Amino acid sequence: MKANERRQQILTLLKEQNEPITGSSIAKEMNVTRQVIVGDVSLIKASGEPIVATSQGYVYLTTVHPESACKRTIVCRHSAEQTEEELTILVDHGVKIEDVVVEHPVYGDLTARLNISSRRDIQRFIEQVNSTNASFLLELTSGIHTHTISADHIEALDDVEKELAEKGILLES
């Protein structure tokens, strides 16, 4: 298969998926290495396709109607050991964790897309961090980080902020 055909097939595959798909699984399906897929996806993204790499795999972004999701940025501070607790509080309120951002003294804002909306997503994320011996971004900033969060109703965002504040996780001004 030619590279252009493979990229078109990757794009079609991502558009058809409702859940993230890993580079490794795409590579296996295309009979190439994961690194080839990383390069292909980078070229597809450069052509303007809305593909993002998340901790669970690649996602093709579809248009979200502004009225269907309320968004907010929250500032949190906690230890690495409290990450699962923080994420669980968020998803248990029906909130999606879109990203995490830390302010690095050299590189400025470092952003990682998370797209976590269920306990299953949390378990996959935690397992991936543990299995790769990676560090949480919050470890670069003494636990301080922001999340962009979204929900169908503003009340869910209000309720989650209240619970995070009660647990001492929400950094309030």
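The values are calculated or read from the model by the stated rules, or taken from the named source; none is laboratory data. Model, not experiment: these values are computed from the prediction. In this analysis, Cβ positions are derived from the backbone assuming ideal geometry, glycine residues included, and neighbour counts consider all displayed protein chains. Just so you know, the surface numbers come from the protein's heavy atoms only, side chains and all, with ligands and any DNA or RNA stripped out. Shrake-Rupley method; radii C 1.70, N 1.55, O 1.52, S 1.80 Å.
Can you work out which of the residues in segment 48-99 that are over 21 Å from L157 (Cβ atoms) and among the small types (G, A, S) is modelled with the lowest pLDDT? Only one residue tops the list, namely S55. Restrict the check to segment 45-65 and report whether at least one residue is over 20 Å from E163 (Cα atoms), acidic (D, E) and in contact with an Asp or Glu (Cβ under 8 Å, 6 or more places away or on another chain). The answer is no, given that none of the residues of segment 45-65 is over 20 Å from E163 (Cα atoms), acidic (D, E) and in contact with an Asp or Glu (Cβ under 8 Å, 6 or more places away or on another chain). Of all residue pairs spaced 6 or more apart or on separate chains, none has beta-carbon atoms under 6 Å together with a first member in segment 11-30 that is within 22 Å of S118 (Cβ to Cβ) and part of a helix (DSSP H, G or I) and a second member that is open to solvent by less than 60 Å² (accessible area, probe 1.4 Å) and at pLDDT 95 or above. If you go through segment 127-144 and keep only what is free of Cβ contacts under 8 Å to residues at least 24 places away in the same chain and more than 13 Å from A112 (Cβ to Cβ), you end up with E127, N130, S131, T132, N133. Checked against the criteria, K45 does not count as closer than 23 Å to S118 by Cα, modelled with pLDDT under 95 and open to solvent by 50 Å² or more (accessible area, probe 1.4 Å).
Taken over segment 142-158, the criterion of being surrounded by fewer than 17 Cβ atoms within 10 Å (Cβ to Cβ) and either of a type outside the set (G, A, S) or under 22 Å from Q56 (Cα atoms) (or both) is satisfied by I144, D152, H153, I154, E155, D158. The single condition from (1) at pLDDT 90 or above; (2) farther than 22 Å from L171 by Cα; (3) within 16 Å of the chain's Cα centre (by Cα) that V36 fails is (3).
Conditions (1) more than 29 Å from R34 (Cα to Cα); (2) touching a Ser or Thr at 6+ places or on another chain (Cβ under 9 Å), marked per residue:
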site: L61; (1), (2): no, no
site: I74; (1), (2): yes, yes
site: N115; (1), (2): no, yes
site: S118; (1), (2): no, no
site: F136; (1), (2): no, yes
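Quick check on segment 83-102. Is at least one of its residues farther than 24 Å from E127 by Cβ and of a type in the set (S, T, N, Q)? No, segment 83-102 contains no residue that is farther than 24 Å from E127 by Cβ and of a type in the set (S, T, N, Q). Checking each residue of segment 74-86 against the condition of being of a type outside the set (S, T, Y) and within 30 Å of I10 (Cα to Cα) gives no match. Search segment 86-98 for residues being farther than 16 Å from A165 by Cα and not aliphatic (A, V, I, L, M), and hand back the single one that is least open to solvent (accessible area, probe 1.4 Å). This residue is E98. Candidates in segment 99-117 are the residues that are more than 18 Å from K71 (Cα to Cα), without any contact (Cβ under 8 Å) to a residue 24 or more places away in the chain and not small (G, A, S); of these, the one that is surrounded by the fewest Cβ atoms within 10 Å (Cβ to Cβ) is V106.
Each residue in segment 48-64 was checked for being open to solvent by less than 90 Å² (accessible area, probe 1.4 Å) and in a loop (DSSP other than H, G, I, E, B), and 6 of them qualify.
Checking G143 against (1) more than 29 Å from N18 (Cβ to Cβ); (2) small (G, A, S); (3) touching a Cys at 6+ places or on another chain (Cβ under 7 Å): exactly one of these is not met. Which one? That leaves (3) as the condition not met. For L138, are the conditions met, namely being crowded, with 18+ Cβ neighbours inside 10 Å and within 15 Å of the chain's Cα centre (by Cα)? Taking the combined requirement at face value, the residue satisfies it.
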